[in-house]
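The values are calculated or read from the model by the stated rules, or taken from the named source; none is laboratory data. Everything quoted here is computed from the prediction, not taken from an experiment. Here Cβ is always computed from backbone atoms with ideal geometry, including for glycine, and neighbour counts include all displayed protein chains. In case anyone asks, the SASA skips ligands and DNA or RNA and just uses the protein heavy atoms, side chains included. Shrake-Rupley method; radii C 1.70, N 1.55, O 1.52, S 1.80 Å.
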Amino acid sequence: MDAQYNPRTVEEVFRDYKGRRNGLARALTTDVEEFFRQCDPEKENLCLYGFPNEHWEVNLPAEEVPPELPEPALGINFARDGMQEKDWLSMVAVHSDAWLLSVAFYFGARFGFDKSDRKRLFGMINELPTIFDVVSGKSKTKAPTNNNHSNSKSKSNNKMKTSEPRAKQPKPQLKEEDHEDEAPDAGEDGGGAAGGGGGGEEHGDTLCGACGDNYGQDEFWIGCDMCEKWFHGKCVKITPAKAEHIKQYKCPSCMGANGGSSGSNKRARPSS
């Protein structure tokens, strides 16, 4: 596959791990329909590969024995139609997490990482949610809000609060908008769908439901009205301009789980 790529330092191995992880997470979330289609049970034993450039691939295992790199779980396609889709995706996610660790520590062993290097590598890896966490929703990606606002808001009101449906803009902009709309109950931390003032740490804990990375101050995010996960706009191919015309946003996973067509996750209507 990409056997010629050999990271040699802790930082290089972590970048390799993170790229492969992001590719696998994308296959099991935003690209889940295409991934499901490629895992045809009628085909031979198939594996899910992630690559350092954040791409993924469903393919036959390497022919050489032993392989240059550890191989992912074999035959993931055979269980596709014999399980609930959610359970099948979770199973693939668990095996993918195990494969990622095996590849990372294979590089560590090959290039002589000592105890300190291995500990530092695992610590860096452990800061990221696992793929299973992302797929199962355990790495909760709800927007950080105060309790009063969260209990009183409706999805429709939340979408109308800014020009984007449940979308995070850079904090200075939303802080002003939310302050105007919500001044009576701004609370101790400034309130609002995307937070402000003392809510910076909460933003840092918000994770993208596709790639699992943290919220960035200058990044555009959008929230799913079904599962309430948040996503980088770039991960789900939604721009701020496109979000203005979305009445109700459904992420690719929810669209697939409800058997929707490719257009049913964005019911676009003119903004009022």
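All of Asp97, Asp16, Asp31, Asp87 fail the test of being on the phi < 0 side of the Ramachandran plot, free of Cβ contacts under 8 Å to residues at least 12 places away in the same chain and not aliphatic (A, V, I, L, M), apart from Asp87.
Assess whether Glu42 counts as being open to solvent by 20 Å² or more (accessible area, probe 1.4 Å) and more than 24 Å from Arg120 (Cβ to Cβ). Please lay out each step first, then the result.
On the way: open to solvent by 20 Å² or more (accessible area, probe 1.4 Å): yes; more than 24 Å from Arg120 (Cβ to Cβ): yes.
Considered against the rule, which asks whether it is open to solvent by 20 Å² or more (accessible area, probe 1.4 Å) and more than 24 Å from Arg120 (Cβ to Cβ), Glu42 comes out as yes.
Whether any residue in the range 22-30 is within 29 Å of Lys234 (Cβ to Cβ) and surrounded by fewer than 21 Cβ atoms within 10 Å (Cβ to Cβ) is what I want to check.
So in the range 22-30, the residues within 29 Å of Lys234 (Cβ to Cβ) come out as 22-30.
From what is left, the residues that are surrounded by fewer than 21 Cβ atoms within 10 Å (Cβ to Cβ) are none.
The answer is no, given that none of the residues of the range 22-30 is within 29 Å of Lys234 (Cβ to Cβ) and surrounded by fewer than 21 Cβ atoms within 10 Å (Cβ to Cβ).
Could you run through the range 99-132 and say how many residues are surrounded by 15 or more Cβ atoms within 10 Å (Cβ to Cβ) and touching a Leu at 6+ places or on another chain (Cβ under 8 Å)? Selection size over the range 99-132: 9.
The residues on offer are Arg8, Arg80, Arg15, Arg20, and the sole one that is outside any strand (DSSP E or B) and under 18 Å from Pro252 (Cβ atoms) is Arg80. Condition first: under 26 Å from Met124 (Cβ atoms), open to solvent by 70 Å² or more (accessible area, probe 1.4 Å), at pLDDT below 95 and touching a helix residue (DSSP H, G or I) at 6+ places or on another chain (Cβ under 8 Å). Can you find one or more residues in the range 7-14 that meet it? Looking for residues that are under 26 Å from Met124 (Cβ atoms), open to solvent by 70 Å² or more (accessible area, probe 1.4 Å), at pLDDT below 95 and touching a helix residue (DSSP H, G or I) at 6+ places or on another chain (Cβ under 8 Å), one finds at least one in the range 7-14, hence yes.
Just to be sure before I move on: is Val58 modelled with pLDDT of 95 or more, open to solvent by 10 Å² or more (accessible area, probe 1.4 Å) and among the β-branched types (Val, Ile, Thr) in the structure I sent? Considered against the rule, which asks whether it is modelled with pLDDT of 95 or more, open to solvent by 10 Å² or more (accessible area, probe 1.4 Å) and among the β-branched types (Val, Ile, Thr), Val58 comes out as yes.
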